[in-house]
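**Q** My questions all concern the structure below.
The values are calculated or read from the model by the stated rules, or taken from the named source; none is laboratory data. All values derive from a computational prediction rather than experimental measurement. Glycine also receives a Cβ, built like all others from the backbone with ideal geometry; neighbour counts cover every protein chain displayed.
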Amino acid sequence: MIALAWEEIEALDLGRLEGGAAGETVTGIVADSRIAGPGELFVALNTGVRFVAEARDRGAATLVPSDQEAALAALASLVRSKSTADVVAVVGSVGKTTTKDILGALCAPHVPTVWAERSLNNEIGLPLTVCRLEPDTRVLVTEMGMRGLGQIAALCAIAKPTVVVVPHVGPEHLELLGTVERVAEANAEAISALPPGGTAVVPANAKVLEPFLDRDDIAIRRVHTSAIRVHEGATRFTVGEEAVVLVLPFAQRHLALNTLAALHAYVALGLPLDRVADGVAGIELSPGRGEEMPLPGGGLVINDAYNANPDSMHASLVHLAGRAGDRRRVAILGEMAELGSQSGRYHDQVGSLAADLGIDVIGVGEAARRYTPAVWVASSADVAEAARAYLRPGDAVLVKASRAVGLEGIAEEIANIARAWSPS
């Protein structure tokens, strides 16, 4: 991290600050006492106050903040003020984390790059990511989530992005926002935060974003779905007037679209498109985003259980149908949360799509009854037993739901079940 003088942190008056002295510097800000050490500041978040003594024993200074979100925002803003790095804000309804992961890996071989871990995209995660800026960092790739209006604007006030990427806008958080148009408005706060000369990368077909693309002092790069061609395991992307061919470590069409959005951001950062392939080997997607595991008996399980909304559910079901080939298709699907009054309609549409694609559904939770499942269970605690009874060797299985359903560990459970099918 860019070093902060102890006096600078003291002047912020963020709460109970201990363990440092005038003339010293802080070279790391952490929220986990287990990794805190000399020269670092442990910020006690939530129940972290119980571990202040442990952090001090490990040689770290400590802060018990009066307001944890305000404290993190102030610390991150101070770090950001000392950096000349380009900051990318990845926002949108679907594909934020994978686009961030892809872009970070593509940039890293060419310039010192930091990118957010997992889905650290809220009032806690975003500041902790910004606090990882180093003196030589040239690109910081952040992810910004929201649940309502004003939240992305607040995150942008900390990170001060110079490039914004919107992979997709669709139905999410409708309980709070009501319409997809307001979802677009909330995500467009990042575009409004761009400085003159900044760049926004947006889907070419997102009409709901158009009212927010009227600035003439920024560049708008539009991502066209027609700019992707797959042939014999390689993917050809057209980025503006140029073309690039990459062999990607995944096959999902929606991930190729996220890659194209990342490529547009990569070019906007001034990086060499003719050398972009140097970063492909470093692409490692965060857990629960389309990870595929082979199963004994020729089957496979696709773990896309991190989260779900109508558009991501559609993309995952279509991918399962294409990936399954001649295998039986089974999807373990939980609720898509926070869809408000339109929830029933969206769940019905997913059920109809699964039926049209010849996919058997194991539904999890009350809302999943609307998928018209072949098997229904009340909660994630019942899924393993249902899968044991229903699945058979050779099946192609998808696991997907909103995080509240808790299906993250089910793919591994299925792998364990499948191991029992094979003779020892």
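**Q** Find all pairs meeting these conditions: Cβ atoms under 9 angstrom apart; at least six residues apart or on different chains; first residue within the stretch 298-325 and in contact (Cβ under 8 Å) with a residue 12 or more places away in the chain and aromatic (Phe, Trp, Tyr); second residue assigned to a helix (DSSP H, G or I) and surrounded by fewer than 20 Cβ atoms within 10 Å (Cβ to Cβ).
**A** Note: pairs meeting the criteria are Tyr306/Arg403.
**Q** Still on this structure: Which residues, counting only those in the stretch 62-101, are crowded, with 23+ Cβ neighbours inside 10 Å, touching a residue at least 60 places away in the same chain (Cβ under 8 Å) and under 30 Å from Glu18 (Cβ atoms)?
**A** Residue satisfying the conditions is Leu75 alone.
**Q** Moving to a separate point now. Kindly evaluate Leu149 against the criterion of being buried (at least 21 other Cβ atoms within 10 Å of the Cβ), in a loop (DSSP other than H, G, I, E, B) and among the aliphatic types (A, V, I, L, M). Step through it out loud before you land on a result.
**A** Numbers: buried (at least 21 other Cβ atoms within 10 Å of the Cβ): no; in a loop (DSSP other than H, G, I, E, B): yes; among the aliphatic types (A, V, I, L, M): yes.
No: the conditions fail for Leu149.
**Q** Let me ask something additional. Could you please find all residues in the stretch 28-44 being assigned to a loop (DSSP other than H, G, I, E, B), within 27 Å of the chain's Cα centre (by Cα) and not aliphatic (A, V, I, L, M)?
**A** Asp32
**Q** May I ask you to list the residues in the stretch 287-313 that are closer than 15 Å to Leu333 by Cβ and either in a strand (DSSP E or B) or charged (D, E, K, R) (or both)?
**A** Val301, Ile302, Asn303, Asp304, Asp311
**Q** If you don't mind, another one. Which condition number in (1) among the charged types (D, E, K, R); (2) part of a strand (DSSP E or B); (3) touching a helix residue (DSSP H, G or I) at 6+ places or on another chain (Cβ under 8 Å) is the one that Arg16 fails?
**A** With (1) among the charged types (D, E, K, R); (2) part of a strand (DSSP E or B); (3) touching a helix residue (DSSP H, G or I) at 6+ places or on another chain (Cβ under 8 Å) applied to Arg16, the lone miss is (3).
**Q** OK, next. Filtering the stretch 182-238 down to residues that are of a type in the set (Lys, Arg) and outside any strand (DSSP E or B), which residue is farthest from the chain's Cα centre (by Cα)?
**A** The first filter runs over the stretch 182-238 and keeps only residues of a type in the set (Lys, Arg), leaving 182, 207, 215, 221-222, 229, 236.
Retained after the next criterion (residues that are outside any strand (DSSP E or B)): 182, 207, 215.
Values: Arg182: 20, Lys207: 23, Arg215: 27 Å.
Top of the filtered list is Arg215.
**Q** Within the stretch 89-114, how many residues turn out to be within 23 Å of Arg253 (Cβ to Cβ) and either assigned to a strand (DSSP E or B) or of a type outside the set (A, V, I, L, M, F, W, C) (or both)?
**A** Quick first cut of the stretch 89-114, residues within 23 Å of Arg253 (Cβ to Cβ) only: 90-106.
Pick out the ones that are also either assigned to a strand (DSSP E or B) or of a type outside the set (A, V, I, L, M, F, W, C) (or both) and you get 90, 92-93, 95-101, 104.
Of the residues in the stretch 89-114, 11 are within 23 Å of Arg253 (Cβ to Cβ) and either assigned to a strand (DSSP E or B) or of a type outside the set (A, V, I, L, M, F, W, C) (or both).
**Q** May I ask you to verify whether Pro127 is in a loop (DSSP other than H, G, I, E, B), in contact (Cβ under 8 Å) with a residue 40 or more places away in the chain and either under 12 Å from the mean Cα position of the chain (by Cα) or in the same structural domain as Ala204 (by TED's automatic domain parsing) (or both)?
**A** Numbers: in a loop (DSSP other than H, G, I, E, B): no; in contact (Cβ under 8 Å) with a residue 40 or more places away in the chain: yes; either under 12 Å from the mean Cα position of the chain (by Cα) or in the same structural domain as Ala204 (by TED's automatic domain parsing) (or both): yes.
So Pro127 does not fit the description; no.
**Q** Of the residues Gly23, Gly39, Gly48, Gly28, only one is touching a residue at least 24 places away in the same chain (Cβ under 8 Å) and not aromatic (Phe, Trp, Tyr); which? If you could, list the steps in order and put the result at the bottom.
**A** Values: Gly23 fails: touching a residue at least 24 places away in the same chain (Cβ under 8 Å); Gly39 fails: touching a residue at least 24 places away in the same chain (Cβ under 8 Å); Gly48 fails: touching a residue at least 24 places away in the same chain (Cβ under 8 Å).
So the residue among Gly23, Gly39, Gly48, Gly28 that is touching a residue at least 24 places away in the same chain (Cβ under 8 Å) and not aromatic (Phe, Trp, Tyr) is Gly28.
**Q** On to the next question. Please go through the stretch 325-342 and give me each residue that is surrounded by fewer than 15 Cβ atoms within 10 Å (Cβ to Cβ) and either under 11 Å from Ile359 (Cα atoms) or charged (D, E, K, R) (or both), ordered by number.
**A** Asp326
**Q** Examine the stretch 2-23 for a residue that is among the hydrophobic types (A, V, I, L, M, F, W, C), touching a Gly at 6+ places or on another chain (Cβ under 7 Å), modelled with pLDDT of 95 or more and surrounded by fewer than 23 Cβ atoms within 10 Å (Cβ to Cβ), and state whether such a residue exists.
**A** Restricting attention to the stretch 2-23, the residues satisfying the condition of being among the hydrophobic types (A, V, I, L, M, F, W, C) are 2-6, 9, 11-12, 14, 17, 21-22.
Next, from what is left, pick out any that are touching a Gly at 6+ places or on another chain (Cβ under 7 Å): 6.
Pick out the ones that are also modelled with pLDDT of 95 or more and you get 6.
Cutting the leftovers down to surrounded by fewer than 23 Cβ atoms within 10 Å (Cβ to Cβ) gives us 6.
Looking for residues that are among the hydrophobic types (A, V, I, L, M, F, W, C), touching a Gly at 6+ places or on another chain (Cβ under 7 Å), modelled with pLDDT of 95 or more and surrounded by fewer than 23 Cβ atoms within 10 Å (Cβ to Cβ), one finds at least one in the stretch 2-23, hence yes.
**Q** Then there is this: Please find, within the stretch 199-212, the residue that is surrounded by the most Cβ atoms within 10 Å (Cβ to Cβ) out of those that are small (Gly, Ala, Ser) and within 21 Å of Leu149 (Cβ to Cβ).
**A** Ala200
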